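I have placed the structure first, in the form of structure tokens, so that the comments after it can refer back to it.
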Amino acid sequence: MSPSTAKAEMAPRHRKSSQSKPGTGTGTTTVTLEVEESSSSEDATAHRTTHKRQKKRSSWLIFTIGGLAGLLLAGAAAKNQDIGLQLLRDMSLDSIIDVIPVGILKEASDISQREKAAVNYEAFSTGLSLKAQGLEVKYPVVMIPGVISTGLESWGTEEQSRPYFRKRLWGSWVMLRALITDRTSWKQHIMLDKVTGLDPPGIKLRAAMGFDATDFFVTGYWIWSKILENLASIGYDPTSAYTASYDWRLSYSNLEVRDRYFSKLKVHIETARRLSDKKVAIVAHSMGSQVVHYFFKWVEAEGFGNGGPNWVEDNVDSFINLSGSMLGAIKGVPAVLSGEMRDTVQLNPVAVYGLEKFFGKEDRAEIMRAMPGISSMLPKGGEAIWGNLTWAPDDEPGMGDTFGSTLKYALKNGTTVANNMTVSDSLKYLLDTSDDWYRNQISQNYSHGVALTRKEIEENEHNPAKWINPLESRLPLAPNLKIYCFYGVGKPTERSYYIRPVDDATSKLRVVIDSAITGFGSDHGVILGEGDGTVPILSSGYMCTKGWKISRYNPAGVQIKTVELAHEPGRFDIRGGPTTADHVDILGRPDLNELILRVVAGKGEDIEEVVHSDIRAISERVPIYED
């Protein structure tokens, strides 16, 4: 399959059903189900069928053995390698036979063989090529990973925690074994205290430290290892590179309260600056980019980091923003509302059974809410960014509806009337239908609006809840700071959903994704737009191409460069190969690694902007202007 064919197959489709009527402005939509006709040759159809079957079989395995692991919090199904062999090594078959459907080990073997047959791109090659061109270590590097990337290990010594002492209950095969054989205890360990947002009594999980904390999620499933390999190829080592891992479950304020995370980060950057006589380059991915933005505010603020207004200018050369979820992700809404997202509702019935057997929707929603850091990914910017019930800046021609209706009801046979919800309505509904402890955690730690004047921006300098939101707080007064935005485009990404009320009066959930809706741009209740498979283009691209060009958000005129990488996944590589732009798999992409190395080696000025998407035109339609 050629790259052009691949992109055509994956492009979001918003075809209006001939029997459907769009919303009337009252927030209602009538939809009938439809079956799309095949429009390709038998060979192409067979290839797509095989590809989809392999993807679903992989997802079935993952959910059956792990349920929650690697999917619900990462936002994408992990493609585990050599699962069958490792499971047999780490646990007895008798311990899992009662919960694993018949045939799982054969399925594991099949996936392992497909992985071994996949196209492999040579490690170290990008770095070695650039080293031959004269690139070498210049700026000390600090890497800040994204959500779920950091392994979490147990340091508790109470009776229930002793079997897991210094073992990873997130990001290891121990996690998978615990999920299967000790699910209740695993859930108790992984959730934070609902009231304090800190450790539950008697339980103590901490972020793993060092490069090992983030290079692999589980054995064989790399995350940052490709970047580390290439950094090492031009001379970086532990004296010049550092991974600032963190417990992504915590709210940003509690990262400092419990772990002194930002204080340690400040000291490390100052030390690296002093010892090398060079400013530091910060490389952050996904949620890590939000952490950096918050850190820039914290480190300057009196009574917090106490660094003063010149700290970033004096200590940071560049901020490399990799697939940054600067304005959140729409998929965060159903994740905390009902424990669902695209990856759960589009599974086949066997996979759904496996998932629900381990962790039902209520369990998943409860776990996600009891990790306040996850909720930092809820979308920011309200209707100005994400649209209203009749319009959104990223609406596509002929789609027959609008992305701005974030949660919408499908009215079957005209018998039900319900109000659709914008992104702001959705967040209000989430908080209004949540327990007090969750509502308090969100309102105390996060803000999702837009500051429309310089006066508001300056007032927000003293409000930590605003620091996570780049539309409510400004960049530091660092005119020599450089921000590089590198992110993927061309992979369908969750943008809005059809929902239905929960009929079970005993359920704690009010609504769930209506997975029966296919057609009218929906696949099992999920409507897709532009992005990298996890973060929509408005979140990854708006601040880079337009938002930070507005002076109140960037009063010092910090230089911003944007490079978009088109998603053209390899046909035989489960991770997408060297031209993937998937939210996580892009970290192994050679040309992304080259961009990173050029910046940290002091050659960032040679990088030219590349924009493949319509983000500039989309950004111009966002109704946020200079004051």
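Treating the beta-carbon of each Lys and Arg as +1 and of each Asp and Glu as -1, no other charges, what is the dipole magnitude of the range 511-595 about its Cα centre, to the nearest 20 debye?
Working: 7 positive and 11 negative charges, 100 e Å.
That gives the range 511-595 a dipole magnitude of about 480 debye.
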Notebook entry, point to check: Between rounded, prolate and oblate, where does the range 432-480 land on the alpha carbon gyration tensor, with a ≥ b ≥ c its root eigenvalues, rounded for a/c under 1.5, else prolate if a/b exceeds b/c?
Noted result: prolate
Margin query: Can you give me the Kirkwood hydrodynamic radius for the range 141-231, using every pair of distinct Cα atoms, in Å to one decimal?
Written below: 13.9
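Please report, in whole Å³, the volume per residue of the convex hull around the C-alpha atoms of the range 328-450. Each step should come with its number before you reach the end.
Working: hull volume 16.7 nm³, N = 123.
Looking at the range 328-450, the number lands at 135 Å³ per residue.
Restricting to Cα pairs below 8 Å that are 6+ residues apart, what does the relative contact order work out to for the range 362-432? Please round to a whole percent.
Working: 70 pairs, mean separation 18.2, N = 71.
Reported as a whole number, the value is 26 percent.
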Notebook entry, point to check: Quick one: Cα centre-to-centre distance for the range 570-627 and the range 231-284, in angstrom?
Noted result: 23
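Taking all pairs of distinct Cα atoms, average 1/r, flip it, and tell me the Kirkwood hydrodynamic radius of the range 556-615 in Å to one decimal place.
Details: mean 1/r = 0.0781 Å⁻¹.
Across the range 556-615, the inverse of the average 1/r is 12.8 Å.
What number comes out for the charge environment of residue 157, summing +1 per Lys or Arg and -1 per Asp or Glu over other residues with Cβ under 12 Å away?
Numbers: positive: 162, 166, 204; negative: 158, 159.
Residues close to residue 157 contribute a combined charge of +1.
Where Rh denotes the Kirkwood radius from the mean inverse Cα pair distance, what is Rg over Rh for the range 307-396? Let's see the in-between values first.
Numbers: Rg = 18.5 Å, Rh = 16.3 Å.
Rg/Rh for the range 307-396 comes to 1.13.
List nothing, just return the count: lysine pairs in the range 117-269, 8 or more apart or interchain, with Cα separation under 17 Å.
Values: 131/226; 167/187; 167/204; 187/204; 194/204.
Total qualifying Lys-Lys pairs in the range 117-269 comes to 5.
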Item checked: All-pairs alpha carbon distance profile, the range 210-352, 5 Å steps from 0, percent -> 2, 8, 14, 18, 20, 15, 10, 6, 4, 2, 1, 0
Next item on the list: Tell me which residues come under 5 Å, amide H to amide H, from residue 531 once H is placed; ignore anything under 5 positions away on its chain.
Entry: 490, 491, 493, 537
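Based on the inverse mean of 1/r over its pairs of different Cα atoms, what is the Kirkwood hydrodynamic radius of the range 219-290, in Å?
On the way: mean 1/r = 0.0714 Å⁻¹.
Here the Kirkwood hydrodynamic radius works out to 14.0 Å.
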Next item on the list: Based on a Kirkwood Rh over C-alpha pairs, give the Stokes-Einstein translational diffusion coefficient of the range 388-531 at 4 °C and viscosity 1.567 mPa s in µm²/s.
Entry: 71
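Hey, what's the Cα Rg ratio for the range 493-627 versus the globular rule of thumb, 2.2 N^0.38 Å?
Normalised Rg, Cα atoms only: 1.37.
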Checklist line | Proximal lysine pairs, the range 461-553, alpha carbons under 28 Å, eight or more residues apart or interchain | finding: 8
Notebook entry, point to check: To the nearest 0.05, how large is the calculated FRET efficiency for residue 212 and residue 270 if R₀ is 30 Å and r is the Cβ-Cβ distance?
Noted result: 0.75
Item checked: the range 195-337 - percent relative contact order, Cα under 8 Å, separation 6 or more -> 19
Check: Taking every eigenvalue of the Cα gyration tensor of the range 477-563, multiplying by 5 and rooting it, what semi-axes result, largest first, whole Å?
Finding: 39, 16, 9
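We did not get these values from a lab; they are worked out from the coordinates using the rules stated. Everything numeric in this text was worked out from a predicted model, so none of it was measured. Every residue, glycine among them, receives a Cβ derived from its backbone with ideal geometry; neighbour counts consider all protein chains shown.
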